[in-house]
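First the structure, in the form of structure tokens, and then the observations on it.
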Amino acid sequence: MSLLPLIAEMSGSIHVGLAALGSAIGVGFVGAKAAEATGRNPGASTKIMVISIILAALAEGITFFAIFLA
């Protein structure tokens, strides 16, 4: 019984986990900066929200690339 498939599966899981961690940190930064920008200029809150949603979706896309291309 070979350990190679088990090691390959574990490294793939680590790869996806690290991508998800990086994505979560990125979304956190986007949310923090969007809240800061809205506090500075409340009149632009709609534009800030749209841009932050797009950027959060792009950051989450990293996780999907890691899942499907691993």
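The values are calculated or read from the model by the stated rules, or taken from the named source; none is laboratory data. Predicted model only: the values in this text are computed from it and were never measured. Counting neighbours? That spans all protein chains shown, and the Cβs are built from the backbone with ideal geometry, glycine included. The accessibility values were calculated without ligands, DNA or RNA, using every heavy atom of the protein model including side chains. Shrake-Rupley method; radii C 1.70, N 1.55, O 1.52, S 1.80 Å.
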Here the qualifying pairs (Cβ atoms under 7 Å; residues six or more apart or on different chains; first in region 14-27 and of a type in the set (A, V, I, L, M); second open to solvent by 40 Å² or more (accessible area, probe 1.4 Å) and outside any helix (DSSP H, G or I)) come out as Val16/Ala70
Could you count how many residues in region 1-39 are modelled with pLDDT of 90 or more and more than 23 Å from Leu58 (Cβ to Cβ)? 1
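This table checks each residue for (1) open to solvent by 60 Å² or more (accessible area, probe 1.4 Å); (2) of a type outside the set (Ser, Thr, Tyr); (3) over 19 Å from Phe68 (Cα atoms).
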position: Leu3; (1), (2), (3): yes, yes, yes
position: Ile7; (1), (2), (3): yes, yes, no
position: Ile14; (1), (2), (3): yes, yes, no
position: Gly17; (1), (2), (3): no, yes, no
position: Leu55; (1), (2), (3): yes, yes, yes
Of all residues in region 42-70, how many are touching a Ser or Thr at 6+ places or on another chain (Cβ under 6 Å) and in contact (Cβ under 8 Å) with a residue 24 or more places away in the chain? 4
